[in-house]
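Colleague: Quick one: the structure is below, and I'll ask about it shortly.
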Amino acid sequence: MASPKSDAPSPPSLHENEDLCKTILCTVISTAGLMIRKSKILNAGSGLFATNDLDEGQLVYQSLPFLFSVGDDDGVCIKNVCDYCYASSLDRVHVDGHFYGEKDRKPALNLCAGCKSCSYCSKACQERAWKQWHKAECKVLKHAQPLRASLRLLYRLLMLQKSDRLSTAHLHALTLMKFNEAEYKTADCSNLENIIDSVKVATGTTLSSREILVLLYKIVTNGFSIVQADYSGGMGSLGGCVDLTGAVLRHSCTPNAFYFFEGRELQVRTLRVIPAGEEISISYVNINSSYLQRSGVLWNVYHVACACLKCQGQLKQLSQWDAESPGGDLSFLRNLTQAEIALSNIFLNKVAGLAMTKNKNPEDKINHPEDKIDNPEDKIDSPKDKIDSPEDKIDNPEAQIENLTMTVFPNGDWPDDLAPLPALRTKCALLYSKQGEQQKALRLILKSCTTLGRGDGTEYLAALLIVLKCLAPFMYAGTRPKDLPKDFPILKEVKDVYTGYSYTSVRFATKLFGDDNRYARALGGQHMDHLSANGSPRVHSGSFQKKFRLAQGKLLAWAGIEDFKKMVLHAVAE
């Protein structure tokens, strides 16, 4: 199949069709004033704008995406996640808003007897799915057996279209949906030929191979990963979806909003105050990855050349370092790129060749350089990296990290906030924690956490929860390490710090996900259990806050962290 090329004029942008925009916005639930109009971002097409002021932590909108499917590369989600309601046998949080206990019964998933390609947690979910879409696709999936979410979405879309189950608005919006046309027109599509031909034969669609490929690109460019507030119980992405309103959310490396799923519902919430007239943005990539990593993925997958203030500032700094380096002529940037890859491979190589499973913990993530994606379906649900079991030790990872950073910064002054160092410190902390090296684990996660702030959203919350995990062994005499230095906080001081951080994490999770979010409620219940077990300290009182500030200062001093950074951890904030 030759690379598709066309000189036909581009279709009009979505915002130019006022009636369709109103129809799309009528499908979402929102108390915020929203409008679709021309994006302020160059060549981005349409964007979503606030027509009135939005507070931090406010719900922008919630919706049921018109197209979604469970799916992953290794079939774990297909067997363990309901393809209708996303209930999972691997969930950590009960639907009632508490962490699963020994007496709780998790959902039992059963594969569809017909295709054995979709699982359901109940007969009711299976019947609803059958009526809405699965009847049209069951026989096709029985023979095709696609695993990856993007391909499952493509099959589902084609079968819904063939059976006339898509509304006029859906079809029209799909026509106007933007995608990475530059990649589409220049890509060597020979490696997609078998995939597209298989889809065409299996579905019996009358669309041409070229039209099927365009749909696949649109799914990849506009798709959302299905990720719940607790990082889907550690599984990461449960699948993918296409949401018509979400398709006009544009990228920013300093986004003002983010999304997650609560059950079947997609929710978009604010990360900060959004004044009326401002465009609502999310991040298409990990905002804590480096400029080189972000810019590569944004361009290769979305054809986005981000020019936000964060990117401009980081590019200016990189250019300055390169100009000051002995080699010059971009040698610094080449060395930095190679070092980023090598640093990530300290952990990445350890799991290479193993049967990949989704992350066991939401914090077990690594920000590694993402290479150019040749197949567009590679984007929605790439497998996440995991940390090895405790017996699979990585030899002296800190020394390996230090040696590699010296290749770029010979004086050993790799900036603390320059990726991928913060993420690698988190990886090391988790590894040390599993190996019982608690002091090393706590010191590293504190250094990693202090590089983040509230604007980092779920990344900040995840880091704070790892701090609590690493701090817990120091609270009680039975688990407290015996070789602690004299400047380390005493038991009571550690409990004060833990209580303050626990309180902050609950307040932040509630602000982030909303009062009724099951994960936020589960964290709240866990915090109340901690208070009950430790004399119910009054965290709102001035006396506790004073003790907390002193204890936190002592802990950060032990970790070698500057005093001014303790506010980054947001002590007890009202």
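The values are calculated or read from the model by the stated rules, or taken from the named source; none is laboratory data. If you're wondering where the values come from, they're calculated on a predicted model, not measured in any experiment. Glycine also receives a Cβ, built like all others from the backbone with ideal geometry; neighbour counts cover every protein chain displayed. For the accessible areas, the whole protein counts, side chains as well, though only heavy atoms, and no ligand, DNA or RNA atoms are used. Shrake-Rupley method; radii C 1.70, N 1.55, O 1.52, S 1.80 Å.
Colleague: Within the stretch 219-240, take every residue that is of a type in the set (Val, Ile, Thr) and open to solvent by 10 Å² or more (accessible area, probe 1.4 Å) and give me the one that is modelled with the highest pLDDT.
Modeller: Going through the qualifying residues, I end up with Val227.
Colleague: Continuing with this model, one more query. With respect to the numbered conditions (1) free of Cβ contacts under 8 Å to residues at least 60 places away in the same chain; (2) in a helix (DSSP H, G or I); (3) of a type outside the set (Val, Ile, Thr); (4) open to solvent by less than 10 Å² (accessible area, probe 1.4 Å), which one is the sole condition not fulfilled by Leu216?
Modeller: (1)
Colleague: If you take the residues of the stretch 188-199 that are at pLDDT below 90 and open to solvent by less than 10 Å² (accessible area, probe 1.4 Å), which of them is farthest from Asp72 (Cα to Cα)?
Modeller: Out of the qualifying residues, it is Cys189.
Colleague: Another question, if that's okay. Of the numbered conditions (1) modelled with pLDDT under 95; (2) crowded, with 16+ Cβ neighbours inside 10 Å; (3) touching a strand residue (DSSP E or B) at 6+ places or on another chain (Cβ under 9 Å); (4) more than 14 Å from Arg264 (Cβ to Cβ), Ser89 fails exactly one; give the number of that condition.
Modeller: Single failed check for Ser89: (2).
Colleague: Okay, next question. Pairs needed: first member in the stretch 31-43, under 12 Å from Tyr61 (Cβ atoms); second member anywhere, among the small types (Gly, Ala, Ser) and in a loop (DSSP other than H, G, I, E, B); C-beta distance under 9 Å; at least 6 residues apart or different chains.
Modeller: Listed pairs, sorted by first residue: Gly33/Ala276.
Colleague: With the requirement that a residue be open to solvent by less than 30 Å² (accessible area, probe 1.4 Å) and of a type in the set (S, T, N, Q), what does the stretch 291-329 give you?
Modeller: Matches in the stretch 291-329: Gln293, Ser325.
Colleague: Return the residues of the stretch 402-415 that are open to solvent by 60 Å² or more (accessible area, probe 1.4 Å) and outside any loop (DSSP other than H, G, I, E, B); say none if nothing qualifies.
Modeller: Residues satisfying the conditions are Glu402, Asn403, Met406.
Colleague: Determine whether Ile394 is modelled with pLDDT of 80 or more and open to solvent by less than 60 Å² (accessible area, probe 1.4 Å).
Modeller: Details: modelled with pLDDT of 80 or more: no; open to solvent by less than 60 Å² (accessible area, probe 1.4 Å): yes.
So Ile394 does not fit the description; no.
Let's see how each residue does on (1) of a type in the set (Asp, Glu); (2) outside any helix (DSSP H, G or I); (3) surrounded by 14 or more Cβ atoms within 10 Å (Cβ to Cβ):
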{"position": "Ile466", "(1), (2), (3)": "no, no, yes"}
{"position": "Gly478", "(1), (2), (3)": "no, yes, no"}
{"position": "Pro489", "(1), (2), (3)": "no, yes, yes"}
{"position": "Asp496", "(1), (2), (3)": "yes, no, yes"}
{"position": "Gly553", "(1), (2), (3)": "no, no, yes"}
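Colleague: Hey, any hits in the stretch 517-538 for a residue that's among the charged types (D, E, K, R) and in contact with a strand residue (DSSP E or B) (Cβ under 8 Å, 6 or more places away or on another chain)? Even if it seems obvious, please write down each step before you answer.
Modeller: Within the stretch 517-538, the subset among the charged types (D, E, K, R) is 518, 521, 529, 538.
This time we only want the ones that are in contact with a strand residue (DSSP E or B) (Cβ under 8 Å, 6 or more places away or on another chain), so: 518.
Yes, the stretch 517-538 contains at least one residue that is among the charged types (D, E, K, R) and in contact with a strand residue (DSSP E or B) (Cβ under 8 Å, 6 or more places away or on another chain).
Colleague: Go through the stretch 33-76 and tell me which strands (runs of 3 or more DSSP E), entirely inside it, have 2 or more residues that are in contact with a helix residue (DSSP H, G or I) (Cβ under 7 Å, 6 or more places away or on another chain).
Modeller: Passing ranges, in order: 34-38, 46-50, 67-70.
Colleague: Residues in the stretch 416-463 that are touching a residue at least 60 places away in the same chain (Cβ under 8 Å), open to solvent by 20 Å² or more (accessible area, probe 1.4 Å) and more than 26 Å from Ser281 (Cβ to Cβ): how many?
Modeller: 2
Colleague: Now for a separate question. Check Leu151, Leu158, Leu171 and return the single one that is assigned to a helix (DSSP H, G or I), open to solvent by less than 20 Å² (accessible area, probe 1.4 Å) and either at pLDDT 90 or above or farther than 23 Å from Ser237 by Cα (or both).
Modeller: Residue meeting the stated conditions: Leu158.
Colleague: Hey, another quick one. For Glu279, are the conditions met, namely being within 19 Å of the chain's Cα centre (by Cα), among the acidic types (Asp, Glu) and within 26 Å of Phe66 (Cβ to Cβ)?
Modeller: Answer is no for this residue.
Colleague: Additional query: With the structure loaded, tell me whether Ala429 is more than 24 Å from Thr510 (Cα to Cα) and at pLDDT below 90 or whether it fails that test.
Modeller: no
Colleague: Follow-up question, since we're still on this one. Here are some conditions: (1) over 14 Å from the mean Cα position of the chain (by Cα); (2) surrounded by fewer than 24 Cβ atoms within 10 Å (Cβ to Cβ); (3) under 24 Å from Asp515 (Cβ atoms). Asp243 meets all but one. Which one does it not meet?
Modeller: (2)
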